[in-house]
Structure formats: C-alpha cells, structure tokens
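First comes the structure, then the notes that go with it.
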Amino acid sequence: ERSNLAGVRHILLVLSGKGGVGKSTISTELALSLRHSGKKVGILDVDLCGPSIPRMFSVQDNDVHQCDSGWVPVFVNQDKSISLMSIGFLLEKPDDAVVWRGPKKNALIKQFVADVAWGDLDFLIVDTPPGTSDEHISTVEALRPYKPLGAILVTTPQAVSVGDVRRELTFCKKTGLRVLGIVENMSGFVCPHCSECTNIFSKGGGEELAKHAGVPFLGCVPLDPQLSQSLEEGRDFIQEFPKSSAFSALACIAQQILDVTSQQSS
Amino acid sequence: QVALLDIDICGPSIPKMMGLEGEQVHQSGSGWSPVYVEENLGVMSVGFLLSSPDDAVIWRGPKKNGLIKQFLRDVDWGEIDYLVVDTPPGTSDEHLSVVQYLSATRIDGAVIVTTPQEVSLQDVRKEINFCRKVKLPIIGVVENMSGFVCPKCKNESQIFPPTTGGAEKMCQNLNVSLLGKVPLDPQIGKSCDKGQSFLSEAPESPATLSFRSIIQRIQEYCDQRHFQEETI
C-alpha cells in the first residue's frame, strides 16, 4: 500500500526554540513564495495548542473530510497548489483549548504524518510549536523514514531569542535533522512615515548564530506592517506587495531552498 | 519578597534576562537554593541546571512534569510575598502540572499576555478557556507590543495590527480585565539581552509607565483577594 507521503518530493520543517518569532508567518510566506515559483505545496501544522496556519489562509472555518486513504487536506485556492492540515480544522469551536498531555499529542501527530492524503506535492512544510519536546520528537521520528530535506530555524535578532534557538540547533544535531539555515525575522522596522529604520528587537543575532554554528544564514526579514496586515486578513502578501522590503527577503529565502533541492537532484 | 520560577523547560529565558547566566544551583540541607538577583528577588530555572548555552532539554511531558514538581517541592524559597511563575506558550503538560501541583495551596490568578493581532488573540482565547477549565482565576490580560512610536518622526505605527479590535475587544467579549497595554520600545529587548532592569534603565519610557500601572493593578487584585479571604 502506497504511503500518503510517497508523492511528496521534499519535506521541510520550520523550527524555533522560542515562541512568537514568526514560524507560522515564515511557513506561510515560504509556501506562497514556492507556489509563485510554480511548485505544489502542502503545510502540515503540528502546533496543537496554538494552530495558526488556517487563519493565515482564511480557511479557519473549513471542515476536513475523510477519503479511502485518510484525511483530505484543505485546499486554499482554485488551482489546488496549496493544501493544509491542522488541528485547527478539527476543533468544534475555534476558542476550544486543546488541553492535552504529551501522549495524546504524540498520537495525533503520528496520525497527521501518516494519514493525510496529500497526493503529489513538491514541498511539504511542517510548522511546529516552539520548543524541543513531545511534538518535535514525535514529528521527527514519524518523518524519519521519509528523509526530510531539513529544517529552517527562525529567530528574532535579540540574544534572548537566539539563546533558545541555539538549543534548537542542538536538537537538530541530536536527531540527525539537517539544518538548511537560520532566518532572522522581525529584523528592523522601516517607519512608513519617514523611512527611518529602527532595530526594535535588536539586529544581527541570527546571522551571528549561523556563523558561530556553521550553518547557512538565509537572510533577514524586516518587520513590515503590510505583511502583518496581509496575514491577518488571510491574503496573498507575495502577490500583493512585490515591492515591499519583506518580499525580497522572503523570495530570497525561497530561492535558496529551491537551490538546495536542485543541488540534491544533480 | 519575590520569587520568580521559570517553568519554560525547553526555552528558559529568565536567567539571561535577570543577568544570571552561568549561575549554578546549590543544594543545602533545606533543599535547592534559588539564585538571588537581589536580597528580595530569588530565581529558579532549568537554565541554571544546564552546563552549556547549547544544551537542549529534549524531554517528553512526564520528565518535564517531574522537574516542575521538584522545583515546587525542593526549592527553599523561604518566606515570600509573591511567587511569579513564567510558563511556555501552550496549554499542555507544564500548564496542567503547575496548576495541579499548586492546587493544595492557593493560586491568586493568572496574567495572560498577548500581542494585538488576531493570530495571537486566537491562541489567547484558548488560554483563557484553559484557565476557566482548570478553575484558575484570571487576574487579567496584558496587551504587549501595542504600537510603536518612531523615535525620529514620532508617528505611531501598529506593527502588529489589531484588526479584530485587539485585546480590548477580546476582554470585553470574554469578560476579563484588560490590565494594560505596553508599547514597543527597543530598549526593552536591549535591557533583557544585557540582563538589566528595563524599568531602572528607562524610567521615563511610556513602556515603563505601562508596566508600573499594570503591576499596581495586579497588586491591588492580590490585596483585595487577601482581604476578602480574611474577612470570611
């Protein structure tokens, strides 16, 4: 029997040691960027306590259905180039808290990894909660047979965030997960009124960490209220704001991922 | 007399923010000694038990719960006025355990932190429901990163736009107090990274004024609860 992940060409995890750094944002924007390069992308949201992905695509009210091979992912657009699975779709009411201990979370993650009928995808992006605990251990274990491409680690520039992401790098090392690179998110804010740039969350910590740890630095993504607004409204930032500062950073990150995959094929 | 307990086991940030990186925990006859920032501020965190800043705590729930139990049972805090417990994001093992282990004593309540945008509020509503489910009183909500004033032109920008009314609307809808809003100030991140007190370094900042007002409201809430209990 063909596994549900057999048609997925590349699996990417988006990790961070720290909460609130923008993993779900980066996962979403990376998916949109890859889609604009003509790829078919799925996003698996394994943040069971705080599932953010459905809302970022305005599909938070959708239901999921079952088919013979498992759950049918939710398609966000007509051409079916982006599909999602998240516990967010399984909640009766959006404010329902998932108050589960580890073992129950692990069981659902195993199901999510094995039982979603993704079909053929170029990329499956796995968005995770912050930390190095049940969800992460279970996800990596469940994905191991499918040989993930690797992990992207997201941090904000300041030392308090980098401090946790260093531990996430150790997690990757210990679990044999390749680190594709580090993204320094919320890196600088350009005032829309006067264009002055302020480093609200400091600057440079992500790049320094990448250097120190010997992993690629994928780039800085600035704070961009247009990006925040798009995400809030579930719109396609990549399509709507190609001139924004965040756009070029995100497109560059996507290109580096594509370069890794073409290196792999050759 | 204040105790700060950091139960974010995978991402222990408190030691760095308090300028206590590299400190170790000492054991004595009466248990584990907290690490003191000042005479009246003691701290405990898994960060003090790790030998390197690269060490990862890759533990499943049961092991995390075990350490939280130890922290609550074996740390010799002495007489304290306030025990502040910093938690990781979520509604899982750490949160269930700390509420469970403290159920024999009295938890005054929880302060819930959000940022203004819906993607944050979405999760915070779940956190509020968690508190209600486990009968944890809610002191109130703090809206953090609430607006940024450009240091050059002094215009305000909503970096995390409150497209659905921010914490204010959510608090109205869910009948919880809004304790206050804290604006973004680049000095906050800097102070935390240096392990210095932002309140001391930037006493005139609007963010400091917000913090102080929120803290006062929390103290008033706690004093009131005590008073109510004593009169009963």
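The values are calculated or read from the model by the stated rules, or taken from the named source; none is laboratory data. Keep in mind it's a predicted model, so treat the numbers as computed, not measured. Neighbour counts are summed over all protein chains in view; Cβ atoms, including those assigned to glycine, are modelled from backbone coordinates with ideal geometry. The accessibility values were calculated without ligands, DNA or RNA, using every heavy atom of the protein model including side chains. Shrake-Rupley method; radii C 1.70, N 1.55, O 1.52, S 1.80 Å.
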Notebook entry, point to check: Name the pairs: first residue in the range A:206-219 and touching a residue at least 60 places away in the same chain (Cβ under 8 Å), second residue in a helix (DSSP H, G or I) and buried (at least 19 other Cβ atoms within 10 Å of the Cβ), Cβ to Cβ under 6 Å, at least 6 apart or on different chains?
Noted result: A:Leu218/A:Ile253
Margin query: With the condition being open to solvent by 10 Å² or more (accessible area, probe 1.4 Å) and polar (S, T, N, Q), I'd like the strands (runs of 3 or more DSSP E) fully within the range A:63-178 carrying at least 1 qualifying residues.
Written below: A:65-67
Next item on the list: Go through the range B:110-123 and count every residue that is within 18 Å of the chain's Cα centre (by Cα), open to solvent by 20 Å² or more (accessible area, probe 1.4 Å) and not polar (S, T, N, Q).
Entry: 3
Next item on the list: Just give me the residues in the range B:84-113 being within 7 Å of chain A (Cβ to nearest Cβ) and on the phi > 0 side of the Ramachandran plot, in sequence order.
Entry: B:Gly90
Notebook entry, point to check: Does at least one position in the range B:46-66 carry a residue that is of a type outside the set (Asp, Glu), assigned to a strand (DSSP E or B) and farther than 28 Å from A:Asn106 by Cβ?
Noted result: no
Note to self: Can you find, within the range A:211-243, the residue that is modelled with the lowest pLDDT among those that are within 19 Å of A:Val154 (Cβ to Cβ) and more than 14 Å from every other protein chain (Cβ to nearest Cβ)?
What the structure shows: A:Ile238
Next item on the list: Could you list all residues from the range B:9-45 that are part of a loop (DSSP other than H, G, I, E, B), open to solvent by less than 50 Å² (accessible area, probe 1.4 Å) and in contact with an Asp or Glu (Cβ under 6 Å, 6 or more places away or on another chain)?
Entry: B:Gly11, B:Pro12
Check: Quick check, is B:Val85 outside the structural domain of B:Thr163 (by the TED database), among the β-branched types (Val, Ile, Thr), closer than 21 Å to A:Ser133 by Cβ and open to solvent by 40 Å² or more (accessible area, probe 1.4 Å)?
Finding: yes
Check: A:Gly50 passes all but one of (1) within 14 Å of chain B (Cβ to nearest Cβ); (2) open to solvent by 10 Å² or more (accessible area, probe 1.4 Å); (3) part of a loop (DSSP other than H, G, I, E, B); which number fails?
Finding: (2)
Item checked: Those residues of the range B:137-146 which are hydrophobic (A, V, I, L, M, F, W, C) and either at positive phi or at the interface with chain A (Cβ under 9 Å from one of its Cβ atoms) (or both), in sequence order -> B:Met145
Check: Would you say A:Glu184 is open to solvent by 20 Å² or more (accessible area, probe 1.4 Å) and of a type in the set (Asp, Glu)?
Finding: no
Next item on the list: Could you please tell me which pairs satisfy a Cβ distance under 6 Å, a separation of 6+ or placement on different chains, a first residue in the range B:114-136 that is more than 7 Å from chain A (Cβ to nearest Cβ) and touching a residue at least 12 places away in the same chain (Cβ under 8 Å), and a second residue that is of a type in the set (Gly, Ala, Ser) and in a helix (DSSP H, G or I)?
Entry: B:Thr114/B:Ser120; B:Thr114/B:Ala167; B:Pro116/B:Gly166
Note to self: I'd like the full set of residues that are charged (D, E, K, R), more than 10 Å from chain A (Cβ to nearest Cβ) and either in a helix (DSSP H, G or I) or buried (at least 16 other Cβ atoms within 10 Å of the Cβ) (or both), limited to the range B:165-204.
What the structure shows: B:Glu168, B:Lys169, B:Lys181, B:Glu201
Checklist line | For B:Ile138: the one exception among (1) open to solvent by 20 Å² or more (accessible area, probe 1.4 Å); (2) in contact with a His (Cβ under 9 Å, 6 or more places away or on another chain) | finding: (2)
Notebook entry, point to check: When only residues in the range A:15-37 that are among the polar types (S, T, N, Q) and part of a loop (DSSP other than H, G, I, E, B) count, which is most open to solvent (accessible area, probe 1.4 Å)?
Noted result: A:Ser37
Notebook entry, point to check: Does at least one position in the range B:48-58 carry a residue that is more than 12 Å from chain A (Cβ to nearest Cβ) and under 17 Å from B:Leu4 (Cα atoms)?
Noted result: yes
Next item on the list: Quick one: which residue in B:Val85, B:Val98 is in a strand (DSSP E or B) and either closer than 21 Å to A:Thr170 by Cα or touching a residue at least 60 places away in the same chain (Cβ under 8 Å) (or both)?
Entry: B:Val85
Margin query: Cβ-Cβ under 6 Å, sequence separation 6+ or interchain: first residue in the range B:20-35 and free of Cβ contacts under 8 Å to residues at least 40 places away in the same chain, partner assigned to a loop (DSSP other than H, G, I, E, B) and open to solvent by 30 Å² or more (accessible area, probe 1.4 Å). Which pairs?
Written below: B:Val35/B:Glu23
Check: Would the range B:147-160 turn up any residue that is at positive phi and either more than 13 Å from chain A (Cβ to nearest Cβ) or free of Cβ contacts under 8 Å to residues at least 60 places away in the same chain (or both)?
Finding: yes
